[in-house]
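The values are calculated or read from the model by the stated rules, or taken from the named source; none is laboratory data. The structure displayed is predicted, hence computed values, not measured ones. Positions of Cβ are backbone-derived with ideal geometry, glycine not excepted, and every protein chain shown enters the neighbour counts. Note: areas computed on protein heavy atoms with side chains; ligands, DNA, RNA excluded. Shrake-Rupley method; radii C 1.70, N 1.55, O 1.52, S 1.80 Å.
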Amino acid sequence: SPASADPIKVGSKNFTEQYILGEMYAALLENAGFEVERKINLGGTLIAHQALVNGDIDLYPEYTGTALSAVVKGDISPDAQKVYETVKDFYSKEFKLTWLKPTGINNGYAMVVRKDTADADGLKTLSDLSKVAGTLVMGGGPEFPDRADGLPGLKSVYGIEFKEFKQFAKLGLRYDALDQKSIDVANGYATDWQIGAKGLVALEDDKGLFPPYFVAPVVRQQVLDANPKVTEVLESLGSHLDNGTMRKLNAQVEVDHQEPEDVAKAFLKEIGLIK
Ligand code: PBE
């Protein structure tokens, strides 16, 4: 039985995939006999990170490239292992936080356009986009204007400056706005079900602005020290998740309107990790 009587506080950021992953971590821990407190849907990256540093939560799912760009502010590399080691070392030294092993989900930004836009302007890559960006309206999330892997990176690496940037707190609304042609470009996420379902074109990052974004549980070291089993329990998820699987799970919540907790538990049962 667990060494610590304190509940383990599981957090997440504020979008569907995060709710599902947070619920998976919570269900795995409960299945292993730990008491869990859920603090799902905290807010954006820096809010979740601060909650972890403060001990308001004990763990949440984060993406290696996100930590590299938004927290570590390190040099972008296309090498997934190198990015992982960079953020893991930094978090350990700076915050006493431990990055457990990542899953197979690499959920990076996907700059997407409608097929008619791609056809009209011959767009395949972000370099192609740079030639017409001044005539296009972009829609993105609240973190995108400031993050190094957001608008500043598009400008410095590709010289991309849009006619206008519209901010959307809820990702789903960006896809509606693309449909309605009130925006021309959106910062999709690689695991969004909409990219395939709506026949959108994801532009190739031909100059390597974006790093890899593999997701892993980030956990307070103190909690791992008190509960050594937590590492094994959370890492059991590793090989079972990839982008295709995550897109399907995201659709079960956003299209089929199932609860993230139910989606998470049904998946864990299906792959035999919980009863
Ligand atoms: N991402 C894509 C975003 C969301 C998914 C990893 C770049 C992030 O949370 O940082």
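Express in nm, to one decimal, how much length is gained between ASP242 and LYS73 on full extension, taking 0.36 nm for each residue of separation and deducting their alpha carbon distance. Before the final figure, lay out the partial values.
Values: separation 169, 0.36 × 169 = 60.84 nm, distance 2.61 nm.
So the extension gain works out to 58.2 nm.
Could you give the size of the charge dipole of the stretch 129-190 about its Cα centre, using +1 on the Cβ of each K and R and -1 on the Cβ of each D and E, expressed in debye and rounded to the nearest 20?
On the way: 8 positive and 8 negative charges, 18 e Å.
It works out to roughly 80 debye.
If you find the alpha carbon centre of the stretch 106-134 and of the stretch 220-275, how far apart are they in angstrom?
33
For the charge dipole of the chain, defined by +1 on Lys and Arg C-beta atoms and -1 on Asp and Glu C-beta atoms about the Cα centroid, which residue among GLN221, GLY122, ILE105 has the Cα displaced farthest towards the positive pole?
Ranked along the dipole, the leading option is GLY122.
Taking the Cα-to-Cβ direction at GLN167 and at ASP179 and moving 7 Å from each Cα, how far apart do the two end points lie in nm?
Each label point is offset 7 Å from its Cα along the Cβ direction, giving 2.5 nm.
Taking the Cα centre of the stretch 128-275 as origin, work out the dipole magnitude from +1 charges on Lys and Arg Cβ and -1 charges on Asp and Glu Cβ, in debye rounded to 20.
Here the size comes out at about 100 debye.
Write down the accessible area per residue of the stretch 143-190 in Å², having rolled a 1.4 Å probe over the full set of protein chains.
Averaged over the residues of the stretch 143-190, the accessible area is 48 Å².
Grab the beta carbon distance between ALA226 and ASP262, set R0 = 22 Å, and tell me the FRET efficiency rounded to 0.05. Show your work: numbers first, answer last.
On the way: r = 30 Å, r/R0 = 1.37.
Result of the calculation: an efficiency of 0.15.
Pop out the carbon and sulfur fraction of the accessible area of the stretch 169-212 as a percent, whole number, probe 1.4 Å.
Using a 1.4 Å probe with all protein chains present, the stretch 169-212 comes out at 50 percent carbon and sulfur.
What is the distance, in nm, between label points placed 7 Å from the Cα along the Cα-to-Cβ direction at ASP119 and at GLU85?
It is 4.7 nm.
Which log10 I(q)/I(0) values, to two decimals, does the stretch 135-272 give at q = 0.12, 0.13 Å⁻¹ under the Debye formula with one point per Cα?
Each listed q corresponds, in turn, to -0.65, -0.75.
So what's the angle, to the nearest 10 degrees on a 0 to 90 scale, between helix 80-95 and the longest Cα principal axis of the chain?
Helix 80-95 sits at roughly 60 degrees to that axis.
With a 1.4 Å probe and all protein chains kept in place, how much accessible area does SER236 have, in Å² rounded to the nearest 10?
Surface accessible to solvent at SER236 totals approximately 40 Å².
Could you work out [θ]222 nm for the chain from helices alone, using -39500 (n - 2.57) per DSSP H run of at least four and dividing by all its residues? Round to the nearest 500 deg cm²/dmol. Kindly include the intermediate steps, with their values, before the conclusion.
On the way: 12 runs with 114 residues, N = 275.
Roughly -12000 deg cm²/dmol at 222 nm, from the helical runs in the chain.
Could you identify which residue out of ALA216, ALA80, ALA148 has the top mean-square fluctuation in a GNM of the chain using Cα springs shorter than 10 Å?
Its mean-square fluctuation being the largest, the pick is ALA80.
Accessible area of the stretch 9-159 with a 1.4 Å probe: how many percent of it is carbon plus sulfur?
Ligands and nucleic acids excluded, carbon and sulfur give 50 percent.
For the chain, with only Lys/Arg (+1) and Asp/Glu (-1) charged at the beta-carbon, what is the dipole magnitude about the Cα centre, in debye rounded to 20?
The calculated dipole for the chain is roughly 180 debye.
Please compute one quarter of the surface area of the Cα convex hull for the chain and express it in square nanometres. Please report the intermediate quantities before stating the final value.
Numbers: hull surface 54.1 nm².
Convex hull of Cα atoms, orientation-averaged projection: 13.5 nm².
Which pairs in the list LYS73/LYS229; LYS39/LYS269; LYS73/LYS166; LYS88/LYS269; LYS9/LYS269; LYS101/LYS166 are over 27 Å apart, alpha-carbon to alpha-carbon?
LYS73/LYS229; LYS88/LYS269; LYS101/LYS166
I need the phi-derived Karplus couplings for the stretch 46-61: 6.51 cos²θ - 1.76 cosθ + 1.60, θ = phi - 60°, integer Hz, Gly and Pro marked x.
6, 5, 5, 4, 5, 4, 5, 4, 6, x, 5, 10, 9, 6, 7, x
So how do ARG220, ARG147 rank on accessible area, 1.4 Å probe, biggest first, that is with the largest at the start?
ARG220, ARG147
Under a 5 Å amide H to amide H cut-off, with H placed in plane at 1.01 Å, what residues pair with ILE183 once short-range neighbours are removed?
Hits under the 5 Å cutoff: LEU178.
Would you mind checking which residues have amide H under 5 Å from TYR189's amide H? H placed 1.01 Å from N; only 5 or more apart, or other chain.
Residues meeting the amide H criterion: ALA110.
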